[in-house]
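Worksheet: the structure to be examined is printed underneath.
The values are calculated or read from the model by the stated rules, or taken from the named source; none is laboratory data. This one's a predicted model, so the numbers in the text were calculated from it and none came from an experiment. For neighbour counting, all protein chains shown are included, and Cβ atoms are generated from backbone atoms with ideal geometry for every residue, glycine included. Calculation scope for accessible area: heavy atoms of the full protein, side chains included, ligands and nucleic acids excluded. Shrake-Rupley method; radii C 1.70, N 1.55, O 1.52, S 1.80 Å.
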Amino acid sequence: MSRAIYWFRHIRTNQVLATLEKSVLARPALLKGQIPVSLRPSTIRPDHWTPLVVAHGFASEKAQADAFTLATQPGHPLAPLSAAQHAAYRLLPGPQKRLADMDMVERQVAQLARALMYLDAKQSAAVPADHKVRLFWEDREWIRRVELAGLKWPEWVEHRPLELKRGNIMLNPELRAAA
């Protein structure tokens, strides 16, 4: 079994699911635990979920479990909403407000960065001593957006592009060999 954490993004609603498996369908209970009932899609279609980021290279299963527990907590945006943004949100009609509530990408990426910073500050067992944890990104723009928000990636984190075929098949050799 690989020591990786996978985040999948819904292509229509931008909801995010995190899993230790390479497939969203491997554990149907994921949806129940991570997305509120009112915001849940009616069916899980594998072709609607694409990898957002993959964290690979944890030293042990405990390190992987610690990082997974922290990084999958409900997150907050990279920057708090301004008064104008909050007022505009309140004026949205119901269906548009629901779509805005579903968009979890920024919150989960921010939570991932904060979780890795926390593990680094606590010098947790999740911090590798002899190698780096690699983050494979679907969109590398998120690396810059996290840094612009004032968060810093730990020294032991390395960023790489996530190579995808047909939008959801991972081609990176490290991830394919780890399956």
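Could you give me the residue pairs with C-beta distances under 6 Å whose first residue belongs to region 63-90 and is touching a residue at least 60 places away in the same chain (Cβ under 8 Å), whose second residue is part of a loop (DSSP other than H, G, I, E, B) and among the charged types (D, E, K, R) wherever it lies, and which are 6+ apart or on separate chains?
These pairs meet every condition: 64/3.
A quick yes/no check of all residues on (1) modelled with pLDDT of 85 or more; (2) touching a strand residue (DSSP E or B) at 6+ places or on another chain (Cβ under 6 Å); (3) in a helix (DSSP H, G or I); (4) hydrophobic (A, V, I, L, M, F, W, C):
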position	(1), (2), (3), (4)
95	no, no, yes, no
112	yes, no, yes, yes
119	yes, no, yes, yes
136	yes, yes, no, yes
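With the requirement that a residue be open to solvent by 20 Å² or more (accessible area, probe 1.4 Å) and either under 22 Å from residue 139 (Cβ atoms) or small (Gly, Ala, Ser) (or both), what does region 57-72 give you? Walk me through how you get there before you give the answer.
The initial filter retains those residues of region 57-72 that are open to solvent by 20 Å² or more (accessible area, probe 1.4 Å), namely 59-62, 65-66, 68-70, 72.
Once the filter is applied, which keeps residues that are open to solvent by 20 Å² or more (accessible area, probe 1.4 Å) and either under 22 Å from residue 139 (Cβ atoms) or small (Gly, Ala, Ser) (or both), region 57-72 yields 59, 60, 65, 68, 72.
Could you list, in sequence order, the residues of region 1-13 that are under 24 Å from residue 77 (Cα atoms), modelled with pLDDT under 85 and crowded, with 16+ Cβ neighbours inside 10 Å?
13
As an exercise: evaluate residue 168 against (1) closer than 22 Å to residue 52 by Cβ; (2) surrounded by fewer than 17 Cβ atoms within 10 Å (Cβ to Cβ); (3) not aromatic (Phe, Trp, Tyr) and give the number of the one condition it does not meet.
In the conditions (1) closer than 22 Å to residue 52 by Cβ; (2) surrounded by fewer than 17 Cβ atoms within 10 Å (Cβ to Cβ); (3) not aromatic (Phe, Trp, Tyr), residue 168 misses (2) alone.
Confirm whether residue 99 is part of a helix (DSSP H, G or I), modelled with pLDDT under 85 and not aromatic (Phe, Trp, Tyr).
Numbers: part of a helix (DSSP H, G or I): yes; modelled with pLDDT under 85: yes; not aromatic (Phe, Trp, Tyr): yes.
So residue 99 fits the description; yes.
Within region 137-179, track down each residue that is touching a residue at least 40 places away in the same chain (Cβ under 8 Å) and within 16 Å of residue 64 (Cβ to Cβ).
Selection gives 157, 174, 175, 178, 179.
Return yes or no: is residue 134 over 24 Å from residue 76 (Cβ atoms), in contact (Cβ under 8 Å) with a residue 12 or more places away in the chain, crowded, with 17+ Cβ neighbours inside 10 Å and not polar (S, T, N, Q)? Reasoning before the result, please.
Working: over 24 Å from residue 76 (Cβ atoms): yes; in contact (Cβ under 8 Å) with a residue 12 or more places away in the chain: yes; crowded, with 17+ Cβ neighbours inside 10 Å: yes; not polar (S, T, N, Q): yes.
The answer is yes for residue 134.
From the set of residues in region 115-129 that are in contact (Cβ under 8 Å) with a residue 40 or more places away in the chain and open to solvent by 70 Å² or more (accessible area, probe 1.4 Å), which is farthest from residue 168 (Cα to Cα)?
Checked region 115-129; the qualifying residue farthest from residue 168 (Cα to Cα) is 129.
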